[in-house]
Structures are given as structure tokens and as C-alpha cells.
Amino acid sequence: MTTMAHGQTEMEIAAGRARENVVAGGALVRHRRASRLIHWSVAGTFFLSLLSGMPIWTPLFGWMAGLFGGLEVCRWLHPYAGSLFFILSILQFFHWLGDMRLTEGDRSWFGPKAFKYMHHEDFPADPGKYNGGQKLFFWAVTLGAIGLLLSGLIMWFPLYFPQMIRELAILLHDITFILFLVAVITHIYLGTAAEPGTFRAMTRGTVTRAWARLHHPGWFQEVTGDEARKR
């Protein structure tokens with residue numbers, strides 16, 4: 001009976017992972033397969049763009065060119081990887097847009113609340129599936145992808161633009177890249193070491209009831225119908 005129950009639970013989880021915001025086998029499905037595939041595709045093309053672009057940016061990272069067969073290969077690969085990153089970022093934008101609209105409560109994240117949250121000093125009273133910080137990151141990624149594309153196109157086809165525009169494009173590309181990298185590192189930290197149990201949402205698709213009740217009580221109550229523990 002135990003084996004049968006375990007097998008049935010695994011089947012429920014596997015079936016549930018094709019959807020979102022449902023309970024499956026005692027866990028909560030947070031990201032369905034399509035969401036996770038889009039997320040990892042964006043992440044993969046970002047790091048491909050990063051690693052192929054660093055040797056072009058400065059000789060300090062010239063050793064990275066060896067990962068791709070040399071600097072000339074990086075110069076060829078980087079703009080195509082960046083273009084693919086942008087296309088997938090736009091796909092991700094429309095995929096998550098419905099969940100990422102900022103509310104009045106989310107606007108409080110434009111300030112010290114975000115830093116307090118990172119240090120576990122403050123939690124939103126009743127966040128839904130995504131809190132204000134996650135929504136801000138979503139919009140920052142979209143704006144960053146646009147900035148990288150526009151500046152990158154000018155650098156890709158420099159003969160079509162005057163010198164001042166080219167120099168501004170290089171500056172915009174560098175600043176956007178640095179801010180983007182800092183944001184991604186913070187995103188990775190919050191999704192792993194800072195909040196144990198978060199990473200599995202993007203690998204297995206599910207989170208535990210305890211994780212959902214703690215970090216997203218509004219979403220927990222919406223999915224399960226249970227009253228989340230008050231903090």
C-alpha cells in the first residue's frame with residue numbers, strides 16, 4: 001500500500017508540474033515546465049553572452065576566449081548570443097506579464113524595504129505569488145535587455161552611426177552590463193543561500209507548503225485555501 005501511495009504521489013506531482021498554482025502530492029506547483037524552460041533559456045543565453053563578451057570588453061578576461069576557440073570566435077558569437085538573449089527575454093516578458101503588474105503595495109519596494117528583506121529584517125504583510133522585489137527584478141531584466149540590444153546593435157554595425165552615438169552606445173552597454181550582472185548575482189543569492197527551498201521551484205517546479213506559507217502567504221492561501229500563519 002505504501003509503495004502504491006508513493007507511486008500515486010509521484011504521478012500527481014508529475015501531472016501537476018504541467019500546470020501552476022495547484023497542489024500536487026502535498027507540494028505546491030509554482031512554475032510549470034514552460035515557465036522553467038523559458039527561465040533557463042534566458043539564463044543560458046545571458047551567461048553565453050557574458051562569457052563571450054568579457055574577453056572583448058577587456059584583456060583582463062582574455063583567457064575566457066579560450067572557452068570558445070579564440071577572440072575572433074567571441075567577436076562573432078557574442079552579438080548572436082545577445083540577440084537570442086533579447087528574443088527569449090521578450091518571450092519571458094509576455095509569459096510572466098500578467099503576474100508582474102505592480103500594485104500600490106509593491107511600490108514600497110522602491111526604498112529601504114528591499115535591503116531589509118535581503119537581511120531578513122522585514123517581510124511584506126501578505127505577498128502574493130511574487131513580491132515587489134521580484135516584480136522589480138522582472139522589469140529591470142526587460143529594460144536591461146532592451147538597453148543591451150539597442151547599444152549592441154550600434155556597436156555591431158558602427159559604420160551606420162556617427163562617432164558620438166557609437167561612444168554613447170559603448171558607455172550604455174558597459175553600464176547596463178555591470179548593473180545587470182550585479183542584479184543577476186543578487187537574484188542567484190536570493191534564490192539559493194538566502195532562501196533555502198527556492199531553487200527547487202525552478203528545477204522541480206514545486207515548493208513545500210512550509211516555504212510557501214513563510215515567503216508567500218497570500219499565494220499559499222489562494223492555492224490551498226488554508227489560512228497562512230501570521231507573522
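Only the coordinates and a few stated rules stand behind these numbers; no lab work does. The model shown is predicted, which means the values in this text are computed figures rather than measured ones. Using ideal geometry, Cβ is built from the backbone for each residue, glycine included, and neighbour counts are taken over all protein chains shown.
Each label was represented as a point 7 Å from its Cα along the Cα-to-Cβ direction; for Asn21 and Thr192 these points are 3.0 nm apart. On a per residue basis, the convex hull of the C-alpha atoms belonging to region 32-202 measures out at 147 Å³. Subtracting the Cα-Cα distance of Ala210 and Ile165 from 0.36 nm times their residue separation leaves 11.0 nm of extension gain.
Between the beta carbons of Asp226 and Trp40, assuming R0 = 22 Å, the FRET efficiency works out to 0.10 to the nearest 0.05.
In order along region 64-79, the Karplus-derived 3J(HN,Hα) couplings, from 6.51 cos²θ - 1.76 cosθ + 1.60 at θ = phi - 60°, round to 5, 4, x, 5, 10, x, x, 5, 5, 5, 4, 5, 7, 6, 4, x Hz, and Gly and Pro are given as x. Take the Cα of Arg107, step 7 Å toward its Cβ, do the same at Arg75, and the gap between the two points is 4.9 nm.
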